[in-house]
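Please treat every number below as a calculation from the coordinates, not as lab data. Note that this is a predicted model, so its numbers are computed, not measured. For neighbour counting, all protein chains shown are included, and Cβ atoms are generated from backbone atoms with ideal geometry for every residue, glycine included.
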Amino acid sequence: MKDMYDKSISTVMLDSDKCRGCVTCMKRCPTEAIRVRNGKATVLYERCIACGECVRLCPHHAKLARYDSFDIVNDFKYKIALPAPSLYGQFNNLDDINIVLNGLKEIGFDEIFEVARGAELLSQATRKFIATNKDLPKPIISSACPAVVELILVRFHSLEDRLLNMLAPVDIVAQMAREEAINKGISPQDIGVFFISPCPAKVFALKTGLGVDKPVVDGVLSVSEVYMRLLPIMPKLKEIKPLSKVGKTGLQWASSGGEAAGLYIDKYLAADGIENVINMLTSIEDGKLNYIDFVELNACNGGCVGGVLNIENPYVAKARIRNLRNKLQFNCNTLEQYDKPNSYYEWQTKPQVKEVYRLDEDRAVAMKKMSRIEDIYKTLPNLDCGLCGAPSCRAFAEDVESGMADISMCVRMDNYYKTK
């Protein structure tokens, strides 16, 4: 199957030397985007949603998430950092967010624009949107986690219209940060805007421009790499300037349930972890959650604190975020502070569903292929063992029909028929 995406912005890389072909990643992939061929895993990038599950689970550390090298920061004269709220949860004994922000300036950034500021604005914009669109099908599904959005676009097409028509906080602050820099008289070509990301899904979304007309950042760095640069710098800071402009509302977006809590509604549901997300989407599709107004879903365990580009255990990071929130005022950013129309916070381009499982553009041809797949599937042992290099017997039947695999690759078939 041909890769649809440019490899420079693909979601994960494989270290072939470390891959043992153990099928762990293949069996847990939520969109069946992984195959194991010739003893090595391979990714069908058109199906990948960048959830990072394969990176998290690989026992041999053969999967690597893509992100930009910190060195690209030096390509710009005026450098703006957009730290995700989850960054603050990585540091032990941190009692002031400003220490991290001053540290970012020390390692080379000229300006810091916290993503949590956009989260606070988005919380208010979402409350306003829901209040003025009472006829929307319920539940409304948060669009803040790009892996969840991609999962719906790839696998749950019927739920496309339930996605909240709002940009992610990072998209909002990236635009604002660039506008503020230009208003200061800085030449647009000198400005570099960099998001510090906790997960590969956000890397991919920002590289491809999910929900926006064109990508809004110049680079996406990993929390882990920035953490390693900050760690030796922060204890040596001589002066801690008050740079932070966020409150509890924005910071709580780092953990599962934080977004929903900021909406001040009773009938909401928050779930995290890709398997739980799939269960919730299935329940919504089956009409079991129509009494819920809003659903917040995060592909990573614990929310963004569980992203694979982080350093710290998500539960420890969540506790640290909670401790930091207790020292902040409730809210620091409101829509009234900014002269922006409602459309500023909404999708510029609505994401489209992806027909990655379509057998053929011609319906008649697709039906014939489906019939052959059913015939092949009936001959298989239906054990879903993965020894053929496909995640299930059904997926293997599709691979055989498409020419990606040969029926002889089912090593359990002879055994199966001998015992019947």
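In the distance distribution for segment 1-119, Cα-Cα pairs more than 24 Å apart total 47 percent.
Please give the charge dipole size of the chain, origin at the Cα centre, charges +1 on K and R Cβ atoms and -1 on D and E Cβ atoms. Round to the nearest 20 debye.
Details: 54 positive and 53 negative charges, 172 e Å.
Roughly 820 debye for the chain.
Using 0.36 nm per residue, how much length does the chain from Asn98 to Ile182 gain when fully extended, once their Cα-Cα distance is taken away?
On the way: separation 84, 0.36 × 84 = 30.24 nm, distance 2.44 nm.
Here the segment from Asn98 to Ile182 would lengthen by 27.8 nm.
Of the Cα atoms belonging to segment 305-414, the radius of gyration and Dmax stand at 25.3, 70 Å.
Using 1/(1 + (r/R0)^6) with R0 = 41 angstrom and r between the beta carbons of Met13 and Lys327, what's the FRET efficiency to the nearest 0.05?
The formula returns an efficiency of 0.55 here.
So for segment 123-219, considering every pair of alpha-carbon atoms, how many percent are separated by more than 23 Å? Present the calculation step by step, with values, prior to reporting the outcome.
Values: 1662 of 4656 pairs.
Value for segment 123-219: 36 percent of Cα pairs lie more than 23 Å apart.
Residues whose amide H comes within less than 5 Å of that of Ile140, counting only those at least five positions distant or on another chain, are Phe294, Val295 (H built at 1.01 Å from N in the peptide plane). Annotation: amide H of Leu309 within the under-5 Å range of Cys199, sequence separation 5 or more or interchain, hydrogens built in the peptide plane. Listed by Cβ neighbour count within 10 Å, with the fewest neighbours leading, Trp347, Trp253 appear as Trp347, Trp253. With a cut-off of 15 Å between beta carbons, the residues surrounding Lys340 carry a summed charge of -4, where Lys and Arg count +1 and Asp and Glu -1. Here the simple spin-label model places points 7 Å from the Cα toward Cβ, and for Glu239 and Leu383 these points are separated by 7.0 nm.
What separates the Cα centres of segment 285-309 and segment 156-176 is a distance of 14 Å.
Note that segment 304-316 has calculated 3J(HN,Hα) couplings of 5, 5, x, x, 6, 8, 7, 9, 7, 3, x, 6, 5 Hz, one per residue in order, obtained from phi through the Karplus relation 6.51 cos²θ - 1.76 cosθ + 1.60 (θ = phi - 60°); glycine and proline are x. Under 14 Å from a label point set 7 Å out along the Cα-to-Cβ vector of Ala366, the amide N atoms of segment 148-169 belong to 155, 157-158. Could you tell me how far the Cα centroid of segment 182-261 sits from the Cα centroid of segment 347-420, in Å? So the separation of the two Cα centres works out to 41 Å. Loop sites by DSSP among the GluC sites (Glu not before Pro) of the chain, restricted to those with at most 13 other Cβ atoms within 10 angstrom, leave 1-238 as the longest stretch without any of them.
Give me the Debye-computed log₁₀ of I(q)/I(0) at q = 0.15, 0.30 Å⁻¹ for segment 359-420, equal point scatterers on Cα only, no solvent, two decimals. Calculated log10 I(q)/I(0) at the listed q: -0.44, -1.28. Each 10 Å bin from zero up to the one holding the largest Cα-Cα distance in the chain carries the following percent of pairs: 4, 21, 30, 24, 13, 6, 2, 0. For an R0 of 25 angstrom, estimate the FRET efficiency from the Cβ-Cβ distance between Glu285 and Lys134 and round to the nearest 0.05. Once the sixth-power term is evaluated, E becomes 0.65. When the P(r) is computed for segment 208-312, the part past 25 Å accounts for 41% of the Cα-Cα pairs. Within segment 265-420, what is the number of lysine pairs with alpha carbons under 16 Å apart, leaving out pairs fewer than eight places apart on the same chain? The result is 6. Coupling constants for segment 98-110 follow from the phi torsions by the Karplus curve (6.51 cos²θ - 1.76 cosθ + 1.60, θ = phi - 60°), and in residue order they are 4, 5, 5, 5, 5, x, 4, 5, 5, 8, x, 8, 8 Hz; glycine and proline get x.
With viscosity set to 0.692 mPa s and temperature to 37 °C, compute the Stokes-Einstein D of segment 196-248, Rh being the Kirkwood radius across alpha carbon pairs; µm²/s, no decimals.
Working: Rh = 13.6 Å.
Here the translational diffusion coefficient equals 242 µm²/s.
What angle, in degrees between 0 and 90 and rounded to the nearest 10, separates the Cα long axis of helix 274-285 from the longest principal axis of the Cα atoms of the chain? Helix 274-285 sits at roughly 80 degrees to that axis. Across segment 142-288, Cα pairs under 8 Å and at least six residues apart give a relative contact order of 19 percent.
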